[in-house]
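Some notes on the structure that comes next.
The values are calculated or read from the model by the stated rules, or taken from the named source; none is laboratory data. A quick note: this is a predicted structure, and the numbers were derived from the prediction, not measured. Note: ideal-geometry Cβ built from the backbone for every residue, glycine included; neighbour counts use all protein chains shown. Remember, those area values only see protein heavy atoms, side chains included, never the ligands or the DNA or RNA. Shrake-Rupley method; radii C 1.70, N 1.55, O 1.52, S 1.80 Å.
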Amino acid sequence: MRKDPEQTAPSAPRKSASRSAAPAVKPRVALVLQGGGALGAYQAGVYQALHEHDLTPDWVVGTSIGAINAALIAGNPRETRIARLREFWETVAHPDLFDLRQVPDALRPWATRVTTLDTFLRGAPGFFRPRPLNAFSLGLPVSPEDASFYSTAELGETLSRLVDFDYLNSQSGIRMTVAAVKVTCGTLVNFDSREQPLGPEHVMASGALPPGFAPVRVDGELYWDGGLYSNTPLEAVLNDEPRTNLLCMMVDLWHADGPEPRTLEEVQTREKDVTFASRSQRHIDAYLQQYHLRRAAHALYKRLPREMLTQEDKQMMAELGADSTIHIVRLAYAGRDWNMASKDVNFARGSVLWRWEQGYQDGLRAIALGKGCAFSETDAGIVVHDLPSGHTQVQPEKTTERSA
């Protein structure tokens, strides 16, 4: 029997343990959350582990469902964050067809598919609903804000209820960045609470994946899901200035690697995995190239006589020479969900609970890995740590009923 994540959490004091292992100058902590629909319950579990071990991120960056989880984290005081995350996922989850623990293994995938079909037909409460008498479905022209199969008006209401946007935009709040694509030109735009006040519309824009969801208008422009351009918003972290030591927890929900597909569903599953899997290595390689160029430019500046340097030169030299290290701890959702192409629409309660628990257990292991990250002066630029395979990767159909 598997227990609720809260029940499996260590009972020993956590604050003193985490701080005693911290370096003298504490690095910033960033949490990067990928898009992935119902798979995002895994991210909530990861955050719970960080939360309980006093590793609250200074900055949360998200796309699509990652943007929603980011808003629930950044838009609430510490003491209510877990409760708000739980309330959201309890709201959108569908009841299981029957107790999956009481039926043969062969019936479990079938039961989950029925529940997922119900989501397609009726939507997810508090998130999205089918549009009645939808002209768009018939191929007829509609207003851009209605150009989709589902309405996300309920998501706007849910965000307004569960997220304190005044708190999110205050100086005391966690910095939040969400990514969306401008419909008319395909440009990726990052909405950042450090640069502008954010509201429900920015979060909804980040998750407006067509043709299921309609674009969201922000300041007169239409935006779609940021995952259409880049589903893992790591680039926002790597391009941030000024550069400082940073521990980045990056949560991936899709598998770049997978078996050769043989059936229509396997092809559709691989297509989604390939489309939405992380492109983080490309961003990391680009960052390292720029990092070494900056160091080379700084070395050249140092060879010039001081009297030749203007004040602007000295400022640029200081910026180029600011040594910093980014440690990236990559957590990957290990569930295969019977290789269902619709796994991101599987809001079955048992699957949501299982993903949350997997995220929690992986989060605990990521914390242990992060504690060993050294931030002393180095010329590495970026150090990537992949979370080793653990022993919590059970089949989602084996999950027990418990509170999420």
- request: May I ask you to say which residue of Gly359, Gly390, Gly363 is at pLDDT below 90 and of a type in the set (Gly, Ala, Ser)?
  value: Gly390
query: Would you pick out the residues in the stretch 40-56 that are among the aromatic types (Phe, Trp, Tyr) and either open to solvent by 10 Å² or more (accessible area, probe 1.4 Å) or more than 14 Å from Ala334 (Cβ to Cβ) (or both)?
result: Tyr47
query: For the stretch 57-96, which residues satisfy the criterion of being open to solvent by less than 10 Å² (accessible area, probe 1.4 Å), closer than 30 Å to Phe120 by Cβ and in contact with a Gly (Cβ under 7 Å, 6 or more places away or on another chain)?
result: Thr63, Ile65, Gly66, Ala67, Ile68, Asn69, Ala70, Val92
message: Against the conditions (1) in a loop (DSSP other than H, G, I, E, B); (2) touching a residue at least 12 places away in the same chain (Cβ under 8 Å); (3) open to solvent by 30 Å² or more (accessible area, probe 1.4 Å); (4) farther than 21 Å from Gly35 by Cα, where does Gly173 fall short? Just the number, please.
response: (3)
- request: Could you tell me which of the residues Arg108, Arg129 is in a helix (DSSP H, G or I) and in contact with an Asp or Glu (Cβ under 7 Å, 6 or more places away or on another chain)?
  value: Arg108
query: Considering only the stretch 112-149, how many residues are farther than 23 Å from Gly350 by Cβ, touching a residue at least 12 places away in the same chain (Cβ under 8 Å) and open to solvent by less than 40 Å² (accessible area, probe 1.4 Å)?
result: 3
query: What about Leu264, is it open to solvent by 60 Å² or more (accessible area, probe 1.4 Å), among the hydrophobic types (A, V, I, L, M, F, W, C) and more than 20 Å from Ala332 (Cβ to Cβ)?
result: yes
- prompt: On the given criteria, is Asp192 open to solvent by less than 30 Å² (accessible area, probe 1.4 Å) and modelled with pLDDT of 95 or more?
  reply: yes
- prompt: Would a scan of the stretch 312-326 turn up a residue that is assigned to a helix (DSSP H, G or I), at pLDDT 75 or above, exposed (fewer than 13 other Cβ atoms within 10 Å of the Cβ) and not acidic (Asp, Glu)?
  reply: no
query: Residues in the stretch 328-356 that are open to solvent by 10 Å² or more (accessible area, probe 1.4 Å) and either modelled with pLDDT under 95 or not β-branched (Val, Ile, Thr) (or both): how many?
result: 10
- request: Could you tell me whether Gly186 is closer than 23 Å to Val237 by Cβ and open to solvent by 30 Å² or more (accessible area, probe 1.4 Å)?
  value: yes
- prompt: Do the conditions hold for Gly35, that is, is it out of contact with any Leu (no Cβ under 7 Å at 6 or more places or on another chain), in a loop (DSSP other than H, G, I, E, B) and open to solvent by less than 10 Å² (accessible area, probe 1.4 Å)?
  reply: yes
task: Return yes or no: is Ala83 in contact with a strand residue (DSSP E or B) (Cβ under 9 Å, 6 or more places away or on another chain) and part of a helix (DSSP H, G or I)?
output: no
